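Here's the structure, in structure tokens; my notes come after.
Nothing in this text is a laboratory measurement; each read-out follows from the coordinates by a stated rule. This structure is a prediction, so every number in the text was calculated from the model and none was measured. FYI the Cβ positions are ideal-geometry reconstructions off the backbone, even for glycines, and counts take in every protein chain you see.
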Amino acid sequence: MLPLTALLLIYSTIIVPENYKTIQEAVINASLEDTIIVSEGIYKENVSITRPISIISRRGPDFTIVGAAVPSEPVFKVSNVNNVVITGFTATGSLLSGIYLYNSNNGTISDNKSVKNGNGIILYGSSKNTVAGNSADLNEKYGIYLDSSNRNRLGKNSASSNKDNGIFLSSSSYNNLTDNSVNHNTWNGILLWDSSNNTLKDNRVWRNRFGIVISEGGNNTLINNSTWSNIYIIMPLILAYIGILSYIIQRRVLKTIYRV
Amino acid sequence: MFIFSSASIILASIGIVLAVTSFISGLQLVRATSASIEGMIHRANGYLTIILFIVLTFIAISSSMINIAAVLLPLTGLAVFLVKLWIIRRHKRFLKYVSWMGGTLITIWLLVFYINIPV
């Protein structure tokens, strides 16, 4: 894959809000495989992407916030298009989803924060996408939801404090979930339903009602995932025990020093 | 390790250890033969928890997403601590309540720990 600077030299670059005031205007006027650079700011819009372009924020998700103008629509919706890149945004305020890939393949969704939406990130009928380094937290339903989506890679994402499942794979196969943090969700941490041949490796699935749940699926591979539900109940007890040991040690040391 | 991935949870963990140590030495003070050593342990660990309460309050205030509980709990702990000091120094007739206040401080540390759990 070419580095960002090389990509910018090959394809033309559009800057928001310098060239176009809104991200959607820039998307409409972009040519195939153009790159849209979005400066920091708060944008109130729903971005619909139907051509292969890259949308990258200049300063990252903490400074580039896109809120849904129409709450019933996704903040970013990628429909029937391949090779789309969305990087470095906070997507919030949609009752449906922060980022929604519909029938779109080979895309990259990275380093975004999709928080306080209906769902964080949805992939529907979308395959071979990379979803990495995103935070899909504090959503009303699922953090990351894959439906009929195969051969995607989900790595180093956070899907925590959602009000249903952290990561939900429905009728999705051959996906690779690696090194994700899926904590403190109201229901399941990771749910595989009617999904087979998925690989779950090195995921931290802590403090959910249920850790990893596999239902009506087969041949899924689980390697080195941690699913500690009660770690934070055990931890204070261990710390209190260390406190008692600390008292005994301090007492012995001071007695030795002062020869009491 | 992920559990200790934020400064607040590390400080809260240290706080529990110090508070338990201080609490036990405080209980031992009542019937200790070597009261000076118990007193030293009690005071040293206790005063360290004050510093932790203050640092935790500053961390909570400086956070981009302020959690009210994370601000109020260390302040409450600080207030309980100051009242305890005030009783010990000025109003010894309330001395029988200080062990309860020590227990309250441990409870506050447990709450501070739970509030700061990384998700």
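Relative protection proxy for B:91-102, B:50-61, from highest mean packing down: B:50-61, B:91-102 (other beta-carbon atoms within 10 angstrom).
Across all Cα atoms of chain A, the radius of gyration (one decimal) and Dmax (whole number) stand at 22.2, 84 Å.
When only Cα pairs below 8 angstrom with a gap of at least 6 residues are kept, chain B shows a relative contact order of 34 percent.
Spin-label model, A:THR13 to A:LEU222: label points 7 Å out along the Cα-to-beta-carbon direction sit 4.6 nm apart. Over every Cα atom in region A:16-64, the radius of gyration and the widest Cα-Cα span, Dmax, amount to 10.1, 28 Å. Straight-line cross-link reach from A:LYS44 at under 24 Å between alpha-carbon atoms covers these lysines, not counting any fewer than eight positions away in the same chain: A:LYS21, A:LYS77, A:LYS113, A:LYS116, A:LYS141. When the Cα positions of B:LEU18, B:LEU82, B:PHE4 are compared along the charge dipole of chain B, B:LEU82 comes out farthest toward the positive end, with charges on each C-beta of Lys, Arg, Asp and Glu.
Among A:117-123, A:131-137, how do they line up from the highest to the lowest mean number of other beta-carbon atoms within 10 Å?
Descending packing order for the listed peptides: A:117-123, A:131-137.
On the principal axes of its alpha-carbon atoms, region A:174-260 has extents of 70, 22, 16 Å, going from largest to smallest. Approximating the spin labels as points 7 Å out from Cα along Cα→Cβ, the A:ASN106-to-A:ILE28 distance works out to 2.8 nm.
The equivalent ellipsoid of chain B has semi-axes of 28, 15, 10 Å, largest first, where each one is the square root of 5 times an eigenvalue of the Cα gyration tensor.
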